[in-house]
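Everything below concerns the one structure shown next.
Here, each number is a calculation from the coordinates, and none is a lab measurement. Computed from a predicted structure; not experimentally measured. Positions of Cβ are generated from backbone atoms using ideal geometry, with glycine treated the same way; all protein chains shown enter the neighbour counts.
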Amino acid sequence: FEGYEFQVHSAIILGQTIAEPFLWAEQSVPGNRGCRISSCAELITLGYLMGFREKLEMQGYQTHILAPDPLPNKRLSDMMACSRKGVTGRNGRFLAGAYGAQVSVGLLLTDAPLMGGDYRYPDVTADVCGMCMECISACPCRALTPNGYNAALCHDYRDKEENLERAASHTVLKCMRCYAACNKKYIQSRLE
């Protein structure tokens, strides 16, 4: 957690299971700084993160939010994997135990001296991603390979007009095939 304006003592992972890829549909969301592109999945998770941030900042602690991203973010996934509540999958996404990639999660970094651990969910110690390869097979642009994730290929494919599915006038569903293909049954079998 280097590079922040304060000494990070704690990181809180908050998120929501997102079983429906449509919740990652990108929409123009008006705000006080103009319109920005977001999704329901991001907004749900940001709501949780902002609620905790407000409580900590009211007590005088500093915070920084690392928001969820519909695209694989290996750096964020690796940070969350330190919690042992999931692992970074072959697709660069955080695989949260039995939920696999079908989660929207973000991190709240803070200088608050919080106690560690979450005893509601067991630690994930197995390589739950294993040799499934479903996400790699589902990738239409070969951005995912057994050797890693090519963000440039993924962005190029997702941003091409012919690859967008228009759901409404201000809502588009971009490629989320690796997310949707993440095999929860396979992951569950690896946890048992």
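Put a dot 7 Å past the Cα of E162, heading toward its Cβ, do the same for M133, and the two dots end up 2.8 nm apart. About its Cα centre, the dipole of the range 13-116 is roughly 240 debye, where the only charges are +1 on Lys and Arg Cβ and -1 on Asp and Glu Cβ. In order along the range 52-65, the phi-based Karplus estimate (6.51 cos²θ - 1.76 cosθ + 1.60, θ = phi - 60°) of 3J(HN,Hα) comes to 5, 4, 4, 5, 5, 5, 5, 8, x, 8, 8, 9, 8, 9 Hz; Gly and Pro are listed as x.
Pairs of lysine residues in the range 49-181 that meet both criteria, 8 or more places apart or on different chains and Cα atoms under 26 Å apart, total 5. Based on the Cβ-Cβ distance from A151 to C82, what FRET efficiency comes out when R0 is 22 Å, to the nearest 0.05? With a Förster radius of 22 Å, E is 0.50. Per-residue extension of 0.36 nm, minus the Cα-Cα distance of M115 and R75, leaves a gain of 12.1 nm for this segment.
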